[in-house]
Amino acid sequence: MPGAVASYVFFGSDEGASAAAAQKKYAELTEGTDEWGNETIDGAAATVDEAVGIVARVIGSLQMISMFGGRKVVWLRGATFMGDTPQGTRSEAVQNALADLAACLENLPPDTFFVCSAMEMDKRRVFFKRLSAAAEMHESSKIDITQPGWEAELSRLTVNMARPHGITFDNAALDLFVHRVNESTRQIANELAKLDVYLGPDRRQVTLEDVELMVAVSRNGVIFEISRAIENGSCHQAIHLVNEQLDNGEQPVSIMRAAIVPTVRNRFCARLLMDTYQPNTANYRAFESDLKNLPAEGRKLLPLKKDGSVSAYGLFNAAKTCRKLTLKKARRDLQACALADRQLVSTQLDARDVLHKLIVSITA
């Protein structure tokens, strides 16, 4: 049951999580109330005039006492004009309208409650500070997949979201799932719902084959799929995925540097580490621990991310699949990548042909 707070705002880069939290709060506030006294207002606005009109409608609804008495709840759902956009806070008219909304929330009629879910929120504006003072603010941010450890974080999120469905994953299936989906909880929820229906009531554990068959591949997932195909020696699959990306307008150099070069570099480093220091490749946690305990000269071999952290997860995946790869072949593959990269940026050779020849060479 609601306490002293009468306004709740849910926002952040993870729109799915914000929307779900707002819906849950709305259901909690409206439980046991007369549905005719509550109102849900669509917050999608394509123009400044539409945004101003939506805010005016919200204020009018909040100020109107329920004709049946008792608690009244107004939900502004999916507001698109609270961020730094032309139809949002870049407009002075929208800023003024939002200031009026903040003033309204500061003096709500008794037993009146406000819920808002917003796709973006411009924290630089005065209205945000007033909103923060008048409402309980909840920010939901996507997992940052550019930071180290994102795979483990996304895995935990997936497992937690799968639990209400009674769904579990085997290790390989979970690994592929988190690399196929993006960091949005909305997409994760959609993919879990598909798996729930596909598995049926008698089977609750997701296998690698289930994920391959049912889970859509995001852009980030395609990069992982190309890497995975190369590591597994699946030449035709790798070429097929590269062709799809090229046909979708992806730049050849981007494919080379995002998917192929890191994979080949990881294979070379993994092979060198395995030959020199024999890290444990059966378990990721043990492998990561072994890397942390390498001597100084060994740590110099480790590939680093842009932030300077070690790309341990990529090395682990490479180590699992390069047991038959010789160090000599791994070095030749690295040299072939360097040559192909130069050809893409400094010659007129057909880019598709350059990538195809490289993939054939490194998966042989």
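Computing the accessible area with a 1.4 Å probe over protein heavy atoms, can you report the carbon and sulfur percentage for the stretch 5-156?
On the way: 3760 of 7370 Å².
That share works out to 51 percent.
What does the extension gain come out to for ASN190 and ILE41, with contour length at 0.36 nm per residue minus their alpha carbon separation?
Numbers: separation 149, 0.36 × 149 = 53.64 nm, distance 2.42 nm.
Residue separation times 0.36 nm, minus the Cα-Cα distance, leaves 51.2 nm.
With θ set to phi - 60° and the Karplus curve 6.51 cos²θ - 1.76 cosθ + 1.60, what are the ³J(HN,Hα) couplings of the stretch 324-338 in order, to the nearest whole Hz, using x for Gly and Pro?
8, 7, 8, 5, 4, 5, 4, 5, 4, 5, 5, 5, 5, 5, 4
When ligands, DNA and RNA are left out and all protein chains stay put, how many square angstrom of accessible area per residue does the chain have with a 1.4 Å probe? Present the calculation step by step, with values, prior to reporting the outcome.
On the way: 18300 Å² over 364 residues.
I get 50 Å² per residue for this part.
Could you work out [θ]222 nm for the chain from helices alone, using -39500 (n - 2.57) per DSSP H run of at least four and dividing by all its residues? Round to the nearest 500 deg cm²/dmol.
-17500 deg cm²/dmol
So what's the angle, to the nearest 10 degrees on a 0 to 90 scale, between helix 171-180 and the longest Cα principal axis of the chain?
70 degrees
Within the accessible area of the stretch 319-364, what % is carbon and sulfur when the probe is 1.4 Å and the other protein chains stay in place? Walk me through the intermediate numbers first.
Numbers: 1550 of 2830 Å².
Of all accessible area on the stretch 319-364, carbon and sulfur atoms account for 55 percent.
Could you please state, rounded to a whole Å, how far the C-alpha centre of the stretch 23-80 is from the C-alpha centre of the stretch 215-271?
47 Å
Whenever you get a sec, compute what percent of the accessible area on the stretch 221-267 sits on carbon and sulfur atoms (1.4 Å probe). Let's see the in-between values first.
Numbers: 860 of 1880 Å².
Accessible surface attributable to carbon and sulfur in the stretch 221-267 totals 46 percent.
Might you report the magnitude of the Cβ-based charge dipole of the chain about its Cα centre, with Lys and Arg at +1 and Asp and Glu at -1, to the nearest 20 debye? If you can, show how the numbers build up before the last one.
Values: 42 positive and 45 negative charges, 374 e Å.
Dipole magnitude for the chain comes out near 1800 debye.
So how tilted is helix 15-30 from the main axis of the chain? Cα-based, degrees 0 to 90, rounded to 10.
The answer is roughly 30 degrees.
Could you tell me which trypsin sites (Lys or Arg not before Pro) in the stretch 171-237 are loop residues by DSSP with no more than 12 other beta carbons within 10 angstrom of their beta carbon?
Counting only loop positions with at most 12 other Cβ atoms within 10 Å, the trypsin sites (Lys or Arg not before Pro) in the stretch 171-237 are ARG203.
In whole Hz, what ³J(HN,Hα) sequence does the stretch 57-63 give by Karplus (6.51, -1.76, 1.60; θ = phi - 60°), x for Gly and Pro?
Each residue of the stretch 57-63 in turn: 5, 5, 4, x, 5, 5, 7 Hz.
Calculate the FRET efficiency for ASP49 and GLU28 from the Cβ-Cβ distance with a Förster distance of 25 Å, rounded to the nearest 0.05. Write down the numbers at each step before the final one.
On the way: r = 34 Å, r/R0 = 1.34.
The computed FRET efficiency comes out at 0.15.
If I take R0 = 25 Å and measure r between the Cβ atoms of GLN348 and HIS240 in this structure, what FRET efficiency does the formula 1/(1 + (r/R0)^6) give, to the nearest 0.05? It would help to have the intermediate numbers written out before the result.
Numbers: r = 25 Å, r/R0 = 1.01.
E(calc), rounded to 0.05, equals 0.50.
Working from Cα positions, state the angle (0 to 90°, nearest 10) between the long axis of helix 219-231 and the longest principal axis of the chain.
20 degrees
The values are calculated or read from the model by the stated rules, or taken from the named source; none is laboratory data. Everything quoted here is computed from the prediction, not taken from an experiment. Because the Cβ atoms are built from the backbone with ideal geometry, glycine has one as well, and the counts that use them run over all protein chains shown. The accessibility values were calculated without ligands, DNA or RNA, using every heavy atom of the protein model including side chains. Shrake-Rupley method; radii C 1.70, N 1.55, O 1.52, S 1.80 Å.
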